[in-house]
Each structure stands twice: as structure tokens, then as C-alpha cells.
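To start, the structure itself, in C-alpha cells.
The values are calculated or read from the model by the stated rules, or taken from the named source; none is laboratory data. The structure presented is a predicted model; accordingly, all values stated were derived computationally and were not measured. All Cβ positions, even for glycine, are placed from backbone atoms using ideal geometry, and neighbour counts span all protein chains on display. Note: areas computed on protein heavy atoms with side chains; ligands, DNA, RNA excluded. Shrake-Rupley method; radii C 1.70, N 1.55, O 1.52, S 1.80 Å.
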Amino acid sequence: MSKLKLSGVSKAYGATLALRRGDLEVMAGEVHVLMGSNGSGKSTLCKIIAGSVRPDAGRILIDDTPATITGPRSARAQGIGIFYQELSLAAHRSVEENICLAALPVRAGLFVDRVSLKERAARYIALFDGVSGEGFAADALVGNLRPDQRQLVEIMKALASEAPLLIFDEPTSALDRAQVERFFEILGNLKRRGRGIIFISHRMDEIKAIGDRVTIIRDGETITTLNLDETDAATVIRLMVGGAGDMPASQSSVPAAVDIAAESALTVRNLSGAGFRDVSFEVGRGEILGFGGLHGQGQSALLRAIFGAGAITSGEIRIGSERFDASSPRDAIRRGLAYVSGDRSRDGVISGRPIIENVSPIHYLRDRLMIASPSRLRDRVLPALQSMHTKFASLFDPISALSGGNQQKVIIARWLIDRPDVLLLDDPTKGIDLSAKADLFTLIRQLAAEGLGILLYSSEDAELLGNANRILVFNGGSVSRELTGAERTRYNLYQAAYEAA
Amino acid sequence: MNQVISFIRQPVVVALVLIVALLYLGQLLSPGFASGGQILRLLIVAALLGIVAAGQNVVILGGREGIDLSVGGIVSLSAIIAGNVMNGADSGILPAIAACLAAGAFFGLLNGLGVTLLRIPPLVMTLGMLGVLQGLLVVIRMGIPSGQAAPALSRFVTQPLVFGLPGIIWLWIAVGLLMAFMLHRTVFGHRIYAIGSNEHAAYMAGVPVRPMRIALFVISGMFAALAGLCLLGYSGSSFANVGEQYTLTSIIAVVFGGTSLAGGKGGYTGTMAGAVLLVILQGILTTVNIDESGRQMVFGATLLLLMTFYGRGRAMRV
């Protein structure tokens, strides 16, 4: 029996088509896995089912009856429960209250019924007895729990909705093996009781362990639905990547290898910190080392930590041959590091200030200047901006007058007046137009040719394959594979990103 | 045409137009209000306020809800310290200046450390400091006489020095030039705007955010102390809570001058005009016999009114 059926569902945000044609059928008593790369439209599809996004077109059937989902409350009323990846817990309330938050038991129409709240919560807490870890109790405050314990509360909260159809969007990312196994037992029980479950995960081993069928989404379209028994990981990845995935990266313009032995620009040994662990690599002068993998596998956290803006617990960083203990970006800049973030509005742009003041801070720091003379500064700033082909009317216009791409060029230009030795690029082209991207990569390669060591994390595979000499694929905070030479293909990139580490 | 409109909408221009209008109104209400001698007297009072507001200005420009509510307490404390150190003798002026500035810097430093190291919001930190200072003033006054201004200091503040203007006006002009230079021609000034506009981006660009923020509170404390010293010269002897009013009025002057309470936007020229404007308003209220409590109410209402014009939607955004 079909629990939920979506056909031809689409959604556009302005001119961007997030979902072109989404089809999905979830049967009663199955765990249905949804797979697709970053930006494939998978999360848009989930949001439509959960009611937080209204589709532009398409049909939705719940229990074979046409249905309209007008919002999250309407979804819940129609029997859809969701586990949120971004934790939606109230940190200052107890575990039991959080579990029952969606429907607090009420007495006399006004007061929270403490006794039945405790009873109800205890049922779900008992499900994870023995694996929930030290300090986990019904009356513990959620804010005091470890990340994995908070994720368990989130799972219990989803289970407590007792919805006939449950969506779990990456529910296991923080859990340990015992917790995952218990969770999968629980899912198995729910399945036998006829619930429908949509499961999103990037771990191929988990998908094989718990899933019955898999639906693959690519470029906003449902490609196919397969029985997981009758397929293998390679086939699934090939379907996610699409036709040309086995072709090696265009080799014409990328030098195959750089002789690191000659001179190392940056060396990282066994580095661990918040969001990454035991990462080691070396980037040579003139080399572009790519960081690949799914979003949030530690690439950004690592780059920020190297730049002194994140926590490091153990390991070693060397710039050239000297040890560097990253304590603040200020230190890192003095030692010749540069960092450009894709999140311009948070990390880069000094909003409301003139273009010239957005370029100058690094120059002040590196040259230990005290006086800001506009005329002398102009002579230094203009060439840097021009080398980026930045379009602007006056240096004294506010930076907010520029387009996103031009703003990013200004931010990069600030590092070019006094050349750094190592450039850390953290998804630098996020949200900028194609011609600006092309300018940017021309410059990045030119900088590499001039002897800079460059670390490039990009969420766009094409950027990595087209520019990086080597690619480290990140999975769960550590490097799962290194791709060099002809290994640099879309297929290998996906395979390393999705395979369990 | 657009240029004309944007020129007219500049806070400095608005304030200047209002200054002329208020002077005219004062003259109507009480002939002689806009006479030369009277205007000079108003300017002296405005200079005292303007010097306090210079410190308030840099703290507010630094953003992150930056505000210094302790300036009133520091002005009072400084006036008392100055009075006791010089005690009517010209030879005591230099030691008094040193003592006042040191005290202002010390309490500013405490504010800065509380805000950065202990992460106490500026509003709470400086309000608490104001309470401490007020208590301290009571303790000090019970133990020692309030002290007298040195004759040279009184002359500096009240008697013509060069071109018929008293020294304090020249001091204020110097503060104005210093502020303009600091804010627009030094790296320090650019960094104030940078942390006020986007603290995190400034941090990622190597701006030493914490030392900067501490420095801003120290500057504010020192300007307040300087004003307290001059205030002693103006009033002759220090008395209870002589600086109390400056907390509210210095904030109003800054906002009047077009500096955003959200930080990163504005400058000192507008603040100077704002200080003059406020003092004229105060003069008019006195002329029509509104007492101190009534004036406080008018000032409070003025600040709220200003916020609806300039700061709406931005001021409290985090």
C-alpha cells in the first residue's frame, strides 16, 4: 500500500529551478532512501513533504488520496513526522519536555500534565536504554548533553510524533556505532508495524543496512527508484554522477603534478580539532591542493583552524619549515597566510564602508602602518583591484554598491597588495556569477604559477577537477582518499565522498 | 537635484538649520537670547558636553551595542579629584590634569576589560560602573573638602583667550580636529569603523578587535575626565553629581549628529553640531522657566524622537 506518492513536483526560487520534476513513492512498511549530491533538489523535496516549502506544481497523494500540505502543522496533522538535521531542541528544557514538545499533554485544558508527560517520554527514552551514555536522564537539561545525546533526543522527539510517515534527514551523523545499531532496530520495528520511513544519509554502508529501496535525484529530477537488494554502491554512485562521470578531468590546462619535494609551502601533520581529526597533508609552492567531499565534512573547519580562527586540539602546522601555532587570524596573516571565505557577508565584507577600506586592512597589518594616507594607499590598492578585473566607479563608493562577484574580487584583492605565501580558499565562488568565477580561477592559477601554495575547498566538483593538482576527499572530518593524476574523475570523487570512511 | 537632497538630509546640515531656528525662537521668547555674549556662554557649555560626547562617539562607532553610561560618573569624579589636587593654586593644575586623565583611563580600562574579557554587555557594564562611581563619590566627599578651581583654570574656561574666544573653545576645536584626523586619517580610525560595521570580518582581516574595544573605552574615560576638569573651571568648585547630566546628553548629541547606535556609521562633526543644538535647547527651556526635572524629560523624549528618525530598525539589530 502506498503511504505517500509525489508526482511531477517542482519548485523554483526566482530564476533558479531547485526541483524540476520530483517523483517519489513510499510504501507502508518500507525504509525508502533518498540520495542525491549537494544541490540536487533532495532537501527541497523533503521540505515540500514536511510542509515548510509550497511546491509550484505537481500532485501529492497521502494514502492514495489527493492531499494539499499548507504548512508544517498541516503536514503533522496529515501524519507526517520529521527529524530535523539542524537541531530544533529547546536547550534550557529537560529531555522529557523536549520529547513531548510538539504535543504537551494537558490537564484541565490549561496545565501541563506532568505525570503523563513523564510516562510518555519514558517510553521513548527506554528505547535507547544502555546506549544513550553517561548523564542522559529524563530530567537532564538538553543544553548539558553531548552532541550525540542531543541527536538521540531529536530522534525520540520524531518517534514521539507517532506519525505514520517519518522523515529522517541525516539522523546518524553524530551517533556512535552502538547507537546507530539500536536506532536501526527501532526503525526495523516501525517498518514491521507498517510505517513508511524516508531516510537520508550519505553513508553507503548504512544505506545498505537499513534501506529497502532507493530513489536517486540528480539536477532537480528523479532519475530512478531501485531495490537496494538488486543493486550495488557503484551503480548508485554512477546514477548520481550521471553520464560523463568516468571521464578524467580536463587535463589540458592542469599540470599533473608539482614537485613538492622541492619546496613545501604548508605542512599539516595529524591535525585534529573541532570538526576534523587526524588530517595530514603537504602543499608545495606552486601547487593547488583541492579539498573535496560533501558539505560540512570538516573542510571549512580545517581551513579556518589553520588560519587561527578555529580550535585545534592536537597536531602540527608548519609554514615553510617553521612551526606555526595558530592562535588568531592576526598571527596567521603576519606569517603569510591568507583566507577567503565564500560567506562574504559574514567573514569578508566590511559592509557600509568604502571599497578602499575593504582592501586596506591587511596592508596596514603587514606593513605596520599607523597613518592611512588615501593618496598613497590608492597607488597600492588600484593595481590589486585591476588585476582582478574589478568593476567599480570610485574607490570611495561603499562596497555594498557592488555585485556579489565584484565584492568577492575586492575581498581577494585585499590579499594581493602584499603577497601571502599560502592562500586558503573556503568555497570562494559561492553565489557569484560565471564570469567572475572564470576571472577568479585565472587569477588563482596565476598565483600558483608565481609560487604560492593554495588550498582550495569547493562545493562544485567541476572547480576542483578543473584546477586542483591533487584532491583530498573529506568524509566525516578526515581524509578518506587522495586523488591524483587520472584518478581525478567525478566518479571517484563521489565514490570517496559517499563510501564510509 | 539628488545631490541637493542628499546634502540637505545630512545630519550635520539638519542640525545647523535647527540651531539657527532655535536661536531665532530663543530670541523671540526672550530678547537678548541670541546676543553675542549669550551665544559665547552657550558655546562654552556646549564645549564641555562636546568633549564628553567625543568619547561617547568612538565607543558607539565601535558597534556591538557599544555605549558608555559611566561618563557622567567619571566627569563628577574628575571634577572632585581636580578640585582637591589643585585646591585653588595654579601650581596644582598640571598634577590635576595628570591625576584626572589617569583616573578616567583607569575606569575606562575597567569598562573595556569587563566588556571584552568578561563579555558583559556594554550597557550593563557601564551602568554598573556608574553605580560604583556614584557610591565612590559619596564616600570621597564625606572624607575630604570638595576643593577649589585654580584661577588660571577658571580663566581658561570662562575668559577670552585668543580672538575673543576662551581657551576651552579652542580646546574643543582641537578635539574636533584630532577626532577628524583620528577617525579618517589613521589606521586606528579605519579599524574603529571596521569593527563597528562587521566585527567578524574585521577579525578575519587581522584587526585586533579586543584591544581596539578596550582602547575605545579608555578614550571615552579620558575625554570624560578632561571634561570634568574643565567643568570645575566653569563652576569654580565641585559639587554633588556635577556631571550626572552628561550620560544622557552625550548620547543624544552623538545620535543627533547622525552616528548610528548600531555602530560603524557616523562621525564627530555631526556630534559637535548636536552638542551645540542640545545646549541651545537647554537654554530655551531654562528661559521659559522649565526646571531640571522638566529638562530631563524633554531630553529623554528628544532621544526617543531622534531614534524614530535615524535609528529605526537598525539600532537594536544585533
Residue list for the stretch A:318-331, restricted to those being surrounded by 20 or more Cβ atoms within 10 Å (Cβ to Cβ) and facing chain B (nearest Cβ under 8 Å): A:329
Test result for residue B:147, without any contact (Cβ under 8 Å) to a residue 12 or more places away in the chain and open to solvent by less than 40 Å² (accessible area, probe 1.4 Å): no
Long-range neighbours under 7 Å by Cβ, at least six apart or interchain, first residue in contact (Cβ under 8 Å) with a residue 60 or more places away in the chain within the stretch B:159-178, second surrounded by 12 or more Cβ atoms within 10 Å (Cβ to Cβ) and hydroxyl-bearing (Ser, Thr, Tyr): B:166/B:158; B:176/B:268
Top-ranked residue of the stretch A:399-418 - restricted to ones that are outside any helix (DSSP H, G or I) and at pLDDT 90 or above, ranked as nearest to residue A:357 (Cα to Cα): A:414
Any hit, the stretch B:228-241, residues being over 30 Å from residue B:150 (Cα atoms), away from chain A (no Cβ under 14 Å), of a type in the set (Phe, Trp, Tyr) and in contact (Cβ under 8 Å) with a residue 24 or more places away in the chain: no
Residue A:370, sole failed condition from (1) open to solvent by less than 10 Å² (accessible area, probe 1.4 Å); (2) facing another protein chain (nearest Cβ under 8 Å): (1)
Pairs where the first residue, in the stretch A:333-350, is facing chain B (nearest Cβ under 10 Å) and the second is in a helix (DSSP H, G or I) and basic (Lys, Arg), C-beta under 8 Å, 6+ apart: A:333/A:366; A:334/A:366; A:339/A:304
Residues that are small (Gly, Ala, Ser) and away from chain A (no Cβ under 14 Å), drawn from the stretch B:161-190: B:164, B:167, B:174, B:176
Pick from the stretch B:266-282, criterion out of contact with any Lys or Arg (no Cβ under 8 Å at 6 or more places or on another chain), open to solvent by 20 Å² or more (accessible area, probe 1.4 Å) and closer than 21 Å to residue B:75 by Cα, ranking: farthest from the other protein chains (Cβ to nearest Cβ): B:276
Looking only at the stretch A:282-316, and only at residues there that are outside any loop (DSSP other than H, G, I, E, B) and of a type in the set (D, E, K, R), the one that is surrounded by the fewest Cβ atoms within 10 Å (Cβ to Cβ): A:316
Residue check for residue A:365: part of a helix (DSSP H, G or I), over 30 Å from the mean Cα position of the chain (by Cα), of a type in the set (A, V, I, L, M, F, W, C) and within 8 Å of chain B (Cβ to nearest Cβ): yes
Some residue of the stretch A:74-91 being touching a strand residue (DSSP E or B) at 6+ places or on another chain (Cβ under 9 Å), part of a loop (DSSP other than H, G, I, E, B), at pLDDT 85 or above and surrounded by fewer than 16 Cβ atoms within 10 Å (Cβ to Cβ): no
Candidate set: the stretch B:243-265, residues that are small (Gly, Ala, Ser) and within 19 Å of residue B:224 (Cβ to Cβ); chosen: the one surrounded by the most Cβ atoms within 10 Å (Cβ to Cβ): B:250
In the stretch B:191-217, residue farthest from residue B:56 (Cα to Cα) [restricted to those that are among the aromatic types (Phe, Trp, Tyr) and either buried (at least 24 other Cβ atoms within 10 Å of the Cβ) or more than 7 Å from chain A (Cβ to nearest Cβ) (or both)]: B:193
Test result for residue A:459, under 27 Å from residue A:277 (Cβ atoms) and part of a loop (DSSP other than H, G, I, E, B): yes
Long-range neighbours under 7 Å by Cβ, at least six apart or interchain, first residue of a type in the set (Val, Ile, Thr) within the stretch A:282-300, second part of a loop (DSSP other than H, G, I, E, B) and open to solvent by less than 20 Å² (accessible area, probe 1.4 Å): A:288/A:468; A:288/A:469
